[in-house]
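Input: a single structure, listed below in structure tokens.
Just so it is clear, none of the values below were taken in a lab; they were calculated from the coordinates. Note that the structure is predicted; figures quoted are calculated from it, not measured. Glycine gets a Cβ as well: all are built from the backbone with ideal geometry, and neighbour counts include every protein chain shown.
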Amino acid sequence: MAIPLPDSDLVDKLVYANRILYDHGIVDGLGHVSVRHPTEPGVFLLSCNRAPAMVRRQDIVCYDFDGNTVSDSKERPYLERFIHAELYRARPDVMSVVHSHSMSVIPFAITKHALKPVFHMSSFLGAGSAHFEIRDAGGDTDMLIRDKHLGEALAKSMGDCNCVLMRGHGSTVVGGSIEAAVFRAIYTEINARLQLEAQGLGEITFLNGEEARLATEMNEGQLPRSWNLWIKRLGNVDLDQ
């Protein structure tokens, strides 16, 4: 039996999230964002295989934690839906997941240098970023998380962190809401850019643990301010086209 989509507001938020991430250069033709189903355990919402800027309401599909389509949809799914499935399985606190290949993050992923918060907007990186080495889990691959085994390995590598860097690939961030995950994806890229620039100037003073905790509490309360601005930046958007 097909599982129905939740209320239209959550579907609309997910469509907006795709377009906001594209507008900020976090995703291009590739990358994806999902949200946990609010009433159906073991189910999450993700677009079918569509470029983020082109995602529409009718593209949103329900999947179970094994990556199976549980909606009435015959559209092709994303190959890497297992990133989302296994993170939701492993992390009950996670409500939304963003996977992207934003450019400034790649140098950290390939050198095993952790991203750490250089300013209050990236305080969610207080524990540092985790690293995932796909060779350890799958040998030589095409670098994609295209099955349950690799998804489990990625979730294990992420642990309790909010961001995992994927060598030769990109990054994945998680949040307690769509708004939080999108915020974190945007500021992961900004933090990477600033950290790269600052490294050439000398030793960096990162936020300490308590500073990161306090700043994260503050930022969580300000999410609607940024979210509403980002939607306004998109202009007049028809979510059905």
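Determine, from the Cβ-Cβ distance of Asp240 and Glu217 and an R0 of 22 Å, the FRET efficiency 1/(1 + (r/R0)^6), rounded to the nearest 0.05.
Numbers: r = 37 Å, r/R0 = 1.69.
Once rounded, the FRET efficiency stands at 0.05.
Mind checking the log10 I(q)/I(0) for the range 8-233 at q = 0.12, 0.13 Å⁻¹? Debye, one equal scatterer per Cα, no solvent, two decimals.
So the normalised log intensities work out to -0.60, -0.70.
Can you give the relative contact order of the range 67-158 as a percent, counting alpha carbon pairs under 8 Å and 6+ residues apart?
Computed value for the range 67-158: 38 percent relative contact order.
I want the local charge near His131. Using Cβ-Cβ distances under 11 Å, sum +1 for each Lys or Arg and -1 for each Asp or Glu among the other residues.
0
Please label the shape of the range 105-202 as rounded, prolate or oblate, based on the square roots a ≥ b ≥ c of the eigenvalues of the alpha-carbon gyration tensor (a/c under 1.5 means rounded; beyond that, a/b larger than b/c means prolate, else oblate).
Oblate.
Please turn the phi angles of the range 177-185 into ³J(HN,Hα) values with the Karplus equation 6.51 cos²θ - 1.76 cosθ + 1.60 (θ = phi - 60°), one per residue in order, whole Hz, x for glycine and proline.
Using θ = phi - 60°, the values come out as 6, 4, 4, 5, 5, 5, 3, 5, 5 Hz.
Show me the ranking of peptides 132-142, 152-162, 82-92 by mean Cβ neighbours inside 10 Å, starting with the highest.
82-92, 152-162, 132-142
Please get the size of the charge dipole for the chain, origin at its Cα centre, with Cβ charges of +1 on Lys and Arg and -1 on Asp and Glu, quoted in debye to the nearest 20.
260 debye
Report the calculated FRET efficiency for Asn49 and Ile204 (r = Cβ-Cβ distance, R0 = 41 Å), to the nearest 0.05.
0.55
In whole Hz, what ³J(HN,Hα) sequence does the range 82-88 give by Karplus (6.51, -1.76, 1.60; θ = phi - 60°), x for Gly and Pro?
6, 4, 5, 4, 6, 5, 5
Calculate, in nm to one decimal, what Asp12 and Asn228 gain on full extension: separation in residues at 0.36 nm each, minus their alpha carbon distance.
On the way: separation 216, 0.36 × 216 = 77.76 nm, distance 1.32 nm.
Gain in length upon complete extension: 76.4 nm.
Residue-wise, which Karplus ³J(HN,Hα) couplings in Hz belong to the range 62-67, taking 6.51 cos²θ - 1.76 cosθ + 1.60, θ = phi - 60°, and x for glycine or proline?
Those phi angles translate into 8, 10, 8, 6, 9, x Hz.
Which links in Lys13/Lys156; Lys74/Lys148; Lys13/Lys74; Lys13/Lys148; Lys74/Lys112; Lys116/Lys148 stretch past 31 Å when you go from one Cα to the other? Write out the running numbers ahead of the final one.
On the way: Lys13/Lys156 28 Å; Lys74/Lys148 21 Å; Lys13/Lys74 23 Å; Lys13/Lys148 27 Å; Lys74/Lys112 39 Å; Lys116/Lys148 29 Å.
From Lys13/Lys156; Lys74/Lys148; Lys13/Lys74; Lys13/Lys148; Lys74/Lys112; Lys116/Lys148, over 31 Å: Lys74/Lys112.
As a check on your grasp of the helix formula, calculate [θ] at 222 nm for the chain: sum -39500 (n - 2.57) over DSSP H runs of n ≥ 4, divide by the residue count, round to the nearest 500.
Numbers: 8 runs with 93 residues, N = 241.
Only helices count here, giving -12000 deg cm²/dmol.
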